[in-house]
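Here's the structure we're looking at; comments come further down.
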Amino acid sequence: MLTNGPRMLRGRVKHLLHCIFYFSFIFLFLVFAGAINLNEEEKAIPDPWETYGFYGASILYLLRLCTLLTIPQVLCNFAGLVFFNSFPGKVKLKGSPLLAPFICVRVVTRGDFSKLVKTNVSRNMNTCIDVGMENFMIEVVTDKALNLPKHRRVREVVVPSEYQTKSGALFKSRALQYCLEDNVNILAETDWIVHLDEETLLTENSVRGILNFVQDGQHQFGQGLITYANEQVVNWLTTLADSFRVADDMGKLRFQFYWFHKPLFSWKGSYVVTQMGAEKKVSFDNGLDGSVAEDCYFAMKAYMEGYSFNFIEGEMWEKSPFTLWDFMQQRKRWIQGKYVLLCPGYVFLMAYVPVMW
């Protein structure tokens, strides 16, 4: 078994190789795209105004300028992948798990896949116990009763069909807001909540990272890395398509939280760690507009109210959509959610830019 020193050295060597391949890919892409000319021969460059006319050249120049909109995300993604170790290895606990504050692992589900939920609840509980956690529980919030086995660490919360929030929030926002109601919530304001989807699995690394985050206590919200090619891969095509999300987490998500402690570019709905008091003040009761992409809307509200964020070490496991149709439907929902957030996003940017510069 490798000790911590050799393991860290091996991780640094892997990260160095990763950077070499990364820079090589960028260089070769620029060469084949024609941005870098390795030959001494000068290429004839046609005058676009003469070749395409005024309107054609104007449209082409406008399209080229639009590509500059991605520069902030590209630079932050680049910085996250290069400046931080992409192979950190085992997360080391910074304090005793017995002294950690109370943690509630909250799983939100519609209740359609009871067997999956029961299996993952059991696996996640065993993972927490293996790391040495004592002050924790797993709470399953569902629209349909699952009849989970009775256990002192498991709580099943069924959202009543007649329940309505004050602003008319729907979908996942409605279920999450129900948990914050005074007659339902059993957590103290200093407790912590780990939000998971029904298919998300904890790993020992992620549990250690969460314990370090909550014991540090400097930030009210945190998020970490989710990977998809674990255990049995159901659909290789959708799993490969989700690989960009892993790079996104390791790139701009990690960079924005480590450097700015703000959700400048993205925020996911799973592997979310929040302090109970802060979550209740921000709330998920944000009407219909805040229900389509409730995770992004929540993050924008939290940032505008002055809360800080940080990246959590350790990865969690998820499965990619099993079919291409499910994959496309998932992306469609995301696009619809981001479209709804265009106007609030503008307000968010206007609040952020003066702080940034």
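The values are calculated or read from the model by the stated rules, or taken from the named source; none is laboratory data. Everything numeric here is computed off the predicted structure, so don't read it as measured data. FYI the Cβ positions are ideal-geometry reconstructions off the backbone, even for glycines, and counts take in every protein chain you see.
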Kindly indicate whether any position in the range 226-239 is among the charged types (D, E, K, R), out of contact with any His (no Cβ under 7 Å at 6 or more places or on another chain) and assigned to a helix (DSSP H, G or I). no
Could you please give the count of residues in the range 28-52 that are assigned to a helix (DSSP H, G or I) and exposed (fewer than 11 other Cβ atoms within 10 Å of the Cβ)? 4
Going by the structure shown, is Ser24 closer than 30 Å to Leu81 by Cα, among the polar types (S, T, N, Q) and either surrounded by 10 or more Cβ atoms within 10 Å (Cβ to Cβ) or at pLDDT below 90 (or both)? yes
Of all residues making up the range 264-316, the number that are in a helix (DSSP H, G or I) and touching a strand residue (DSSP E or B) at 6+ places or on another chain (Cβ under 8 Å): 7
Only one of Met137, Met125, Met133 is closer than 19 Å to Gln275 by Cα, touching a Lys or Arg at 6+ places or on another chain (Cβ under 8 Å) and crowded, with 19+ Cβ neighbours inside 10 Å, namely Met137
Leading residue by the ranking (surrounded by the most Cβ atoms within 10 Å (Cβ to Cβ)) among those in the range 271-303 that are hydroxyl-bearing (Ser, Thr, Tyr) and out of contact with any His (no Cβ under 8 Å at 6 or more places or on another chain): Tyr297
Which residues, taken from the range 215-225, are outside any loop (DSSP other than H, G, I, E, B) and surrounded by fewer than 22 Cβ atoms within 10 Å (Cβ to Cβ)? Gln215, Asp216
Consider Leu98 carefully, then state whether it is surrounded by fewer than 15 Cβ atoms within 10 Å (Cβ to Cβ), under 30 Å from Lys172 (Cβ atoms) and among the hydrophobic types (A, V, I, L, M, F, W, C). no
Residues of the range 139-181 being among the hydrophobic types (A, V, I, L, M, F, W, C) and farther than 18 Å from Gly111 by Cβ, which ones? Ala169, Leu180
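Every residue, every condition in (1) over 28 Å from Glu318 (Cα atoms); (2) exposed (fewer than 13 other Cβ atoms within 10 Å of the Cβ); (3) modelled with pLDDT of 95 or more, yes or no:
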{"position": "Leu148", "(1), (2), (3)": "no, no, no"}
{"position": "Arg152", "(1), (2), (3)": "no, yes, no"}
{"position": "Val158", "(1), (2), (3)": "no, no, yes"}
{"position": "Ser161", "(1), (2), (3)": "yes, yes, no"}
{"position": "Ser167", "(1), (2), (3)": "yes, no, no"}
{"position": "Phe171", "(1), (2), (3)": "no, no, no"}
{"position": "Arg174", "(1), (2), (3)": "no, no, no"}
{"position": "Asp182", "(1), (2), (3)": "yes, yes, no"}
{"position": "Asp191", "(1), (2), (3)": "no, no, yes"}
Mind checking which residues of the range 93-114 are over 22 Å from the mean Cα position of the chain (by Cα) and not in a loop (DSSP other than H, G, I, E, B)? Pro97, Leu98, Leu99, Ser114
Filtering the range 242-255 down to residues that are part of a helix (DSSP H, G or I) and in contact with a Phe, Trp or Tyr (Cβ under 6 Å, 6 or more places away or on another chain), which residue is nearest to Gly209 (Cα to Cα)? Arg254
Can you tell me which residue in the range 115-132 is farthest from Gly269 (Cα to Cα), limited to those that are in contact with a Ser or Thr (Cβ under 9 Å, 6 or more places away or on another chain) and part of a helix (DSSP H, G or I)? Thr127
Which condition breaks for Gly306 when tested against (1) out of contact with any His (no Cβ under 9 Å at 6 or more places or on another chain); (2) on the phi < 0 side of the Ramachandran plot? (2)
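Of the residues Ser58, Ser86, which is at negative phi, in a helix (DSSP H, G or I), surrounded by 10 or more Cβ atoms within 10 Å (Cβ to Cβ) and not β-branched (Val, Ile, Thr)?
It is Ser58.
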